[in-house]
Amino acid sequence: MRILIDMDEVMADAIERFLEWYERDFGIRYTKEDLYGTKLHAIVPEEHRQVVKQYPHQKGFFKDLPLIPHSQEMIKELNDRFDVYVASAAMEFEYSLQDKYEWLDKHFPFIHWKRRILCGDKSVLKGDVLIDDHDFNLSVFNGRAIMFTATHNMHETKYERMNTWLDAEKFFDMK
Ligand SMILES: [Mg+2]
């Protein structure tokens, strides 16, 4: 079984970086609860919107992102049993490639480079399972689509949902 796993908001906490940089620039600390069902650029004052949208296009945005809890140990377990690939639409963000590569080396060294797909449009992906936080990736996947819970997708009901990595065992019969 080939399992494709998204990076941002599934393995790496990029929301945290948005909140951190916004506080750095504007002195206001939003919380993750503020982002339920939405994204930071949609709730900040109009005049800050473009600045926030540009954050992931800046150098260093993806560097040293915090881990999504339990992603390391559970992805390791999946990797021991199945064909695990990391699939990130990294090409959207011009400076993200090196940061993501180094981040994977640091936190997921067991995922071989041949299984790291830093790509563009995810509709080209082929596999049995995709774990991702975005409807626009899951909806074009021809396999089992599992939505990983993130602040912005709280209200989405179309997919099977993995709320935390601790749930992984029950999705893949790993007992
Ligand atoms: Mg993502």
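Residue under question is Val52, and the condition is that it be assigned to a strand (DSSP E or B) and either surrounded by fewer than 12 Cβ atoms within 10 Å (Cβ to Cβ) or out of contact with any Gly (no Cβ under 8 Å at 6 or more places or on another chain) (or both); does it hold? When the stated conditions are applied, Val52 does not pass them.
Exactly one of (1) within 16 Å of the ligand (Cβ to nearest atom); (2) of a type in the set (Asp, Glu); (3) open to solvent by 30 Å² or more (accessible area, probe 1.4 Å) is unmet by Glu47. Its number? With (1) within 16 Å of the ligand (Cβ to nearest atom); (2) of a type in the set (Asp, Glu); (3) open to solvent by 30 Å² or more (accessible area, probe 1.4 Å) applied to Glu47, the lone miss is (1). Just the residues that are touching a His at 6+ places or on another chain (Cβ under 6 Å) and either of a type in the set (Gly, Ala, Ser) or open to solvent by 10 Å² or more (accessible area, probe 1.4 Å) (or both), please, taken from the stretch 142-169. Answer for the stretch 142-169, where residues must be touching a His at 6+ places or on another chain (Cβ under 6 Å) and either of a type in the set (Gly, Ala, Ser) or open to solvent by 10 Å² or more (accessible area, probe 1.4 Å) (or both): just Leu166.
Pairing each residue of the stretch 121-145 that is at pLDDT 95 or above and of a type in the set (Lys, Arg) with any residue that is within 13 Å of the ligand (Cβ to nearest atom) and part of a helix (DSSP H, G or I), provided the two are 6+ apart or on different chains, yields C-beta distances under 6 Å for Lys122/Asn137. For the stretch 108-141, which positions are surrounded by fewer than 19 Cβ atoms within 10 Å (Cβ to Cβ), within 23 Å of Arg81 (Cα to Cα), more than 15 Å from the chain's Cα centre (by Cα) and among the hydrophobic types (A, V, I, L, M, F, W, C)? Within the stretch 108-141, Phe110, Trp113 qualify.
Of the residues making up the stretch 168-175, one or more are farther than 18 Å from Arg2 by Cα and at pLDDT below 95. Just so you know, in the stretch 7-31 the residues that are outside any strand (DSSP E or B) and in contact with a strand residue (DSSP E or B) (Cβ under 8 Å, 6 or more places away or on another chain) include one that is farthest from the ligand (Cβ to nearest atom), and it is Asp13.
Return yes when Leu4 is within 14 Å of the ligand (Cβ to nearest atom), open to solvent by less than 30 Å² (accessible area, probe 1.4 Å) and in contact with a Gly (Cβ under 9 Å, 6 or more places away or on another chain) and no when it is not. Considered against the rule, which asks whether it is within 14 Å of the ligand (Cβ to nearest atom), open to solvent by less than 30 Å² (accessible area, probe 1.4 Å) and in contact with a Gly (Cβ under 9 Å, 6 or more places away or on another chain), Leu4 comes out as yes. The residue that is modelled with the highest pLDDT, counting only those in the stretch 69-107 that are within 16 Å of the ligand (Cβ to nearest atom) and loosely packed, with under 14 Cβ neighbours inside 10 Å, is Pro69. Residue count for the stretch 65-91 under the criterion of being more than 19 Å from Glu16 (Cα to Cα) and not hydrophobic (A, V, I, L, M, F, W, C): the result is 8. Taken together, the criteria exclude Leu4 from residues that are assigned to a loop (DSSP other than H, G, I, E, B) and within 19 Å of the chain's Cα centre (by Cα).
The values are calculated or read from the model by the stated rules, or taken from the named source; none is laboratory data. It should be emphasised that the depicted structure is a prediction, and the values quoted were computed from it without experimental measurement. So basically every Cβ, Gly included, is an ideal-geometry build from the backbone, and we count neighbours across all protein chains shown. Note: accessible area is taken over every heavy atom of the protein model, side chains too, but ligands, DNA and RNA are not part of it. Shrake-Rupley method; radii C 1.70, N 1.55, O 1.52, S 1.80 Å.
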